[in-house]
Structures are given as C-alpha cells and as structure tokens.
Amino acid sequence: MAKKREIQEYTIDPAAQQMIIRAEELGIGTAFSRADNMAPCNIGAAGMCCKQCGMGPCRLTKNGDVGVCGATLETIQARNLTRAIAAGSAAHSDHGRDMAFILKAAANGEAEGYRIKDVAKLRMVAAYYDIKIEGRAPEEIANDLADLYIAQFGQQRGEVAPVRRAPKKRQERWKAHNVIPRGVDREVVEALHRTHIGDDQDYEHILDHAIKTGLSDGWAGSMIATDVSDIIFGTPAPVLGQANLGVLKDDMVNVVVHGHEPTLSEMIVAASQDPEIIEYAKAAGAKGIQLSGICCTANEILMRQGIPAAGNFLHQELSIMTGAVESMVVDVQCIMQALVELAKNFHTKIITTSSKVKIKGATHIEFDEHHAFSIAKQILKESIDNYKNRGKTHIPQIKEDLIPGFSHEYINYMLGGSYRASFRPLNDAIMSGRIRGVAAIVGCNNPRSKQDYLHVQVVRELLKKDVLVVQTGCGAIASAKLGLLLGEAGIDQVGPGLREVCETVGIPPVLHMGSCVDNTRILTVLTQMVEEGGLGDDIDQVPAVGLAPEWMSEKALAIATYCVASGAYVIFGGQSPISGMPDRVTDSDHVLKYISEGWEKKFGGKLEFIADPDEMIRATLEHIDKKRAALGLPEWKADRFGRSGDAQMVELEALPLDQRRAAIYGVAAD
Ligand code: SF4
Ligand code: MSK
C-alpha cells in the first residue's frame, strides 16, 4: 500500500481540504484516499505491458524483451498510446456527432426548447463550407450545415471539411505526410484495427496514424461540438461567474450538473427559471433552485450563462460530501463510478441521463432532445422532492468570482471593437515583447498529484514572465478558484508588459476559453494570429506552448496529439504513459524520442512529459524565446515595459503634487 498523504499534499484548495477532512472523520473514501491505497503497477504505468490478445498479458521488463508474438516494447508502447488517443478522439467526437444531430433537429423544429440562437455564427461557419447563405432562413442554412457535419463522421474518402480552416501551409504539411483525416469514425476504427494483434508493427507508422486520429478530433469532432454549441446556445462573451464549493446554498435546492455535454444542462438552466419550478421549490420549503456544475458541463454553462462552477474533476465527490446536494445530474465523461456508493451516505440522488452512460444504483432519466425541456423539468422536480431528505450540511464558505466567456470571436472583438475587430493588437504586443508568448494550460486534475497545484504554479510563474495564459477544462476552474480569472489579478501577479496589455484591453491575464472540446477555439486563435501576419505563416512559428500539468484522461492525450499535429509544443505533467523503467535505458526511448523529435521534424510540434513544474516552466519559456528568435523578434526583457497604465499611476499618486505635475507634463516643479 502506498503511503497516506497529509491533507495539504492532496490539494491546495482550502474548500477541498475541509471536505477531505470531513471524509476522513466520516470514514468515507474519496479519489484522494483511493489513490493512496491503489499503488500503480510500475510496468503498466510505464507502458510496458501489452494485453492486446489472449497469449498475454505480456510484461516487458528487461532490455530486449519481446511479447509472446514477438512484439517489441516500441510497438507495444506505440499501440497503447495510439489506442488511448483513439479513445479520447472517440469521446470528443461522439459528443460532436450528438451536437450535429441536435442542430439537425433544431433546424427542423423537432427539438423542444432548442433554437438557433447565434445566427451570425451560423452564417460564419456555413461560409467556411460554401453553404449558400444569402436569402435563406437560418433554419435552411442550419439544415445544410447539420447534414455536412453529420457526414464528417461516416465519410470514407477525401478530407474532413473543417481542416480547410487551418493555415494553408499547415494543410500542405498534413497532405505531404498523408495525415488529413478522411472521416472521424474511419480514423478511430483504423487506429483500433492497426493496433490489433498481428497488424501494424512499425512504431513510427502506428504513431503517425495516431496523429491522423487526433486530427479527426481537433479539426473535426471537437470543432463541430464547439461550433454547434455556439450556434444553438450562443457564442460565449464575458460574464460574471463564481467557482468553488461555496456556491452551494443552504436554503436552496442544489442541483449539480456534471460531465461534458451542454444539451441537457442548458435546458436545466432554462427549466430552473420556469415559474412553475420555482413555485414547486418554494412549496417544498426552499428559496429556489441553485444550479451549479462540475467539470466541463460546468464550463459550458459557466461560459454562456454565468452559472457557477462547484468545482473541477476532483470536486465531484467533495460536493456530495457537503450534504447539501439534492441531485447530481450526469451526462458523459469524467464521471466517477464511486459517486453512487458515496451518495448513499447522504441524501443525494445520482441521475444518469445519457443513453451511453448508466451506473448501477443510479436513477436513470434518459435525455431525448425531442422532449428536453420536459425532461429537465422532471429532473428538477425529482431533485426538489428530495430536499425534505436533506440532513445537516457542511458547505465550505469558500468561493471566488471570475470572468469566463472568452470565445475566439470575443477575443477578436475585444482587441478592436465592432468596426476593426482583429488580432493585430495581440500580434503587435507579442512582436514588441510586451507579451512574451502565449501558453494554453488545460486539462484535468489527477488525485496522484496535489490538486490544482501544478496548474496554478505554472500559470503564476508564466504570468510573471509576461506570458498570456488561456485555459479550458478543469485547469480553468483551478485558476478560477484561486482568483486568477479576474482583472484585479493582473495588478500584482502579472509581468509589467502583459499587465499593460491587460489594462489597455480590459481583460484578465488568464482567459477562460471553455470546455475540453473548446480547445479547438485555441486552434482557431492560433490560425487567426498566423493569418493576421507578423508571426510567421504557420502555427509552429507562433511563440506558443500547450500544457496539461495534471492530465489523467485519454481525451487529454487526444488533445495533445492534435495540438502537436497543428504545430504546438505540448508539455504534459505527471506520469508519462510510455516512460519505460526510469532506472534503465530501454527501447521506450525510441518512442519518447519519436513523439518529440520525430513529430517535430514532420509537424513542427512535439509532445514531452515533464513532471517537475520548474522544468515545465523553463522548457516553456525556452521554447517561446526560441520561436521569438526564429521570427527575428526582439529578445524579451523583464523591465522594458510597464511604464504605462496603473503601475505608473500608483507611482505618481505617491509623489508630491509638484513632482507629479513635472512627471506628467514635463514641466519643472515650481
Ligand atoms: Fe503479448 Fe503480443 Fe498478445 Fe501483446 S499482442 S499480449 S505482446 S502476444
Ligand atoms: S472535464 S477531461 S477531467 S479537463 Fe473536461 Fe476535466 Fe479532464 Fe474531464
């Protein structure tokens, strides 16, 4: 059994610490304690085990070992990694497929409660694909777009349509290496086929198909999910929100939505404002309904509606431990099976809603887009009925305000206003060195590392060095809980050049860009930066890095792969799934080298696993500076900027009046 950690080693979040202490007092297990009790298998963790067939599992622990079939460690690791990337791509893309079907149903008036909310985005997206816009009703355009998007999944030949939104040079590079996906399902199926016993056994060849599979996620499945969510629910713009367990309310019916898809949760938001439901809650003795979210379902409704986030991945159990949650309504992905057993200690109902996800012991109320609003009301009524069963509550009074809602459309708008919206100011700020570069810090929590610590440590250090940070997923919620997603965070935690930009534009130094599928917004931002000019003609030339310091899901690996394929340097923290034995040089070095140097040669991006946060930060800055130098941009200097904006005002305020006048107007003091 691994060593039990101290509370401070589990998490840096004081609200989470309170709930873990409560779990220990009550003798209830959580992911934190289960991680202590479940020592990982060294061989499996290092990617040195194959169980692809009934002759195994084969564990390759010594140099030169091969499996019963003769498979080498390189082949086994490439297969394991590719299968994980295929699973992650499948999860994101199946979400995208469901969204495309909702668009179709909404266009045909067959989806109760859904409508085309963002016609401008619909027209913009349709235009990418030469769908006729002029003189047509939104529903007609949406119908064509839905057909095109649905077809991307089952398409057998050609190229998935959204890749034409990538920079031209990038598309040429993909073509040269034959990695443009033909259809989403085709690439995922082929990944599983190639990695079956007795198929592809050239690790580089296997891993290049992983690139193709990842691209089918980033430049198709996930991109479709984001596009359609914006069209139906509105493109996010800044809104005030809150994050952490303190958003739960003692005197209200607390409904926590958890998972990834916005389809039902958006309807639950609408239903929670329905007078009939509010009356129903009041009749039950509550003041109303408090809706909050966990994981990316939280991010979806936080970005668009300002609905508070109760927390990130590791808060799912902790929120139930408050005793204040009437129901946790889950859809797909990142839902712990432990919730049902845990909830038995309290009154919380776990309600599964997806036809794809059932959990033994949970209540299943299946979502159907044709009756979504009615189903949302039914779920809320069941939650309200459960209010009377609530016992004593323990809600940590800890929460932070935040400003989420930075879609790429809004970033474009905020940089130039309605008439001259453009990425020019951002590119100029990078070119001058006010902003040193951009870091996308995304991904999960993992109970094997200290919750939120790596995210926040990396974010804070990069901000100090004038790196603009964009975030999605659970990483964004980690920063939100620490108050980094507010304009005020800029004053004392951000380097002087970046601070000037934040003050001028009026943005926080950390931009929350949405859920996990919304990492495609980052691809769009990078593409627009390239198209704006001055930062090269392809994404791999932009001084930018992607990081997932606390990753745990296969979806994170899929995201990493499509970012690498798009030209980004991606750094993952924690355990490398293909590390090999740390104390021994093994064949695994070939695989690690290939996804770094090999992929960089082909695609300009590379994937590396770096556990130490200081080293992560160093590698990020080194890469950004290398890209700046290659573009011929001035070397970043810590003190070159910072003489404008609030910093100067603060200094001036401290001066006697005559000296202040002299400093401002350049006239000698009287
Ligand atoms: Fe062993 Fe080969 Fe079967 Fe893998 S595929 S379990 S290495 S025999
Ligand atoms: S929810 S995939 S734990 S980011 Fe998207 Fe969080 Fe990772 Fe799930």
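Restricting A191, A225, A220 to residues that are within 22 Å of I150 (Cβ to Cβ), within 16 Å of ligand 1 (Cβ to nearest atom) and either buried (at least 16 other Cβ atoms within 10 Å of the Cβ) or among the charged types (D, E, K, R) (or both) narrows the list to A191. Only one entry in R97, R59 is out of contact with any strand residue (DSSP E or B) (no Cβ under 7 Å at 6 or more places or on another chain) and away from ligand 2 (no atom under 16 Å from the Cβ), namely R97. Residue-level check: of (1) open to solvent by 50 Å² or more (accessible area, probe 1.4 Å); (2) closer than 14 Å to T82 by Cα, N178 misses just (2).
Could you tell me whether segment 359-374 includes any residue that is without any contact (Cβ under 8 Å) to a residue 60 or more places away in the chain, more than 30 Å from I231 (Cβ to Cβ) and of a type in the set (V, I, T)? The answer is yes, given that some residue of segment 359-374 is without any contact (Cβ under 8 Å) to a residue 60 or more places away in the chain, more than 30 Å from I231 (Cβ to Cβ) and of a type in the set (V, I, T). Scanning segment 183-235 for residues that are charged (D, E, K, R) and closer than 26 Å to V525 by Cα turns up E187, D208, K212, D217, D227, D230.
For residues that are surrounded by 19 or more Cβ atoms within 10 Å (Cβ to Cβ) and under 17 Å from F346 (Cα atoms), tally how many sit in segment 358-385. Adding up the residues that qualify gives 3.
The set of residues from segment 432-460 being part of a helix (DSSP H, G or I), more than 16 Å from ligand 2 (Cβ to nearest atom) and either within 18 Å of the chain's Cα centre (by Cα) or crowded, with 18+ Cβ neighbours inside 10 Å (or both) comprises Q457, R460. Take the conditions modelled with pLDDT under 95, out of contact with any strand residue (DSSP E or B) (no Cβ under 7 Å at 6 or more places or on another chain), over 18 Å from N519 (Cα atoms) and open to solvent by 10 Å² or more (accessible area, probe 1.4 Å) and apply them to R115. Does it pass? Answer is yes for this residue. Here is a check on your reading of the model: is G96 within 14 Å of ligand 1 (Cβ to nearest atom) and surrounded by 14 or more Cβ atoms within 10 Å (Cβ to Cβ)? So G96 does not fit the description; no.
Annotation for segment 18-25: no member residue is of a type outside the set (D, E, K, R), open to solvent by less than 30 Å² (accessible area, probe 1.4 Å), within 16 Å of ligand 2 (Cβ to nearest atom) and in contact (Cβ under 8 Å) with a residue 60 or more places away in the chain. Of the residues I522, I507, I477, I491, which single one is away from ligand 1 (no atom under 16 Å from the Cβ), out of contact with any Ser or Thr (no Cβ under 9 Å at 6 or more places or on another chain) and modelled with pLDDT of 95 or more? Going through I522, I507, I477, I491 in turn, the sole match is I477. Looking at segment 209-238, which of the residues that are in contact with a Gly (Cβ under 6 Å, 6 or more places away or on another chain) and aliphatic (A, V, I, L, M) is nearest to C516 (Cα to Cα)? Taking the candidates together, the pick is A225.
The residues of segment 353-367 that are over 17 Å from D94 (Cβ atoms) and of a type in the set (D, E, K, R) amount to a single one, K360.
Right, G47: surrounded by fewer than 17 Cβ atoms within 10 Å (Cβ to Cβ) and at positive phi or not? So G47 fails the test.
Against the test of being surrounded by fewer than 15 Cβ atoms within 10 Å (Cβ to Cβ), over 27 Å from V332 (Cβ atoms) and assigned by TED's automatic domain parsing to the domain that holds A151, the options A78, A39, A127 yield a single qualifying residue, A127.
Tell me, please, whether a residue that is more than 11 Å from ligand 1 (Cβ to nearest atom) and among the aliphatic types (A, V, I, L, M) can be found in segment 46-58. Yes, segment 46-58 has at least one match. Among the candidates A71, A86, the residue that is in contact (Cβ under 8 Å) with a residue 12 or more places away in the chain and part of a helix (DSSP H, G or I) is uniquely A86.
Counting residues in segment 85-94 that are touching a strand residue (DSSP E or B) at 6+ places or on another chain (Cβ under 8 Å) and modelled with pLDDT of 95 or more gives zero. Does A71 satisfy the condition of being open to solvent by less than 40 Å² (accessible area, probe 1.4 Å), within 16 Å of ligand 1 (Cβ to nearest atom) and more than 25 Å from I180 (Cα to Cα)? Yes. Looking across I307, I294, I301, one residue alone is open to solvent by 10 Å² or more (accessible area, probe 1.4 Å) and within 19 Å of K481 (Cβ to Cβ). It is I307. Looking across segment 240-251 at every residue that is touching a helix residue (DSSP H, G or I) at 6+ places or on another chain (Cβ under 7 Å) and within 22 Å of N519 (Cα to Cα), the one that is surrounded by the most Cβ atoms within 10 Å (Cβ to Cβ) is identified as A243. For R59, state whether it is closer than 30 Å to S374 by Cβ and open to solvent by 40 Å² or more (accessible area, probe 1.4 Å). Against the criterion (closer than 30 Å to S374 by Cβ and open to solvent by 40 Å² or more (accessible area, probe 1.4 Å)), R59 does not qualify. Among the criteria (1) within 26 Å of F101 (Cα to Cα); (2) not basic (K, R); (3) not in a loop (DSSP other than H, G, I, E, B), the one I359 does not fulfil is (3).
Every listed requirement among (1) modelled with pLDDT of 95 or more; (2) within 18 Å of the chain's Cα centre (by Cα); (3) open to solvent by 20 Å² or more (accessible area, probe 1.4 Å) is met by V517 save one, (3). Against the list (1) free of Cβ contacts under 8 Å to residues at least 60 places away in the same chain; (2) more than 14 Å from ligand 1 (Cβ to nearest atom); (3) of a type in the set (A, V, I, L, M), the condition I76 fails is (2). Among the residues of segment 316-332, is any under 23 Å from S407 (Cα atoms) and either buried (at least 24 other Cβ atoms within 10 Å of the Cβ) or modelled with pLDDT under 95 (or both)? No; the residues of segment 316-332 include none that is under 23 Å from S407 (Cα atoms) and either buried (at least 24 other Cβ atoms within 10 Å of the Cβ) or modelled with pLDDT under 95 (or both). Here A298 qualifies as within 16 Å of ligand 2 (Cβ to nearest atom) and within 16 Å of the chain's Cα centre (by Cα).
The values are calculated or read from the model by the stated rules, or taken from the named source; none is laboratory data. In this text, all values refer to a predicted model and were calculated from it rather than measured experimentally. Ideal geometry is used to build each Cβ from the backbone, glycine not excepted, and the neighbour counts take in all protein chains shown. The accessibility values were calculated without ligands, DNA or RNA, using every heavy atom of the protein model including side chains. Shrake-Rupley method; radii C 1.70, N 1.55, O 1.52, S 1.80 Å.
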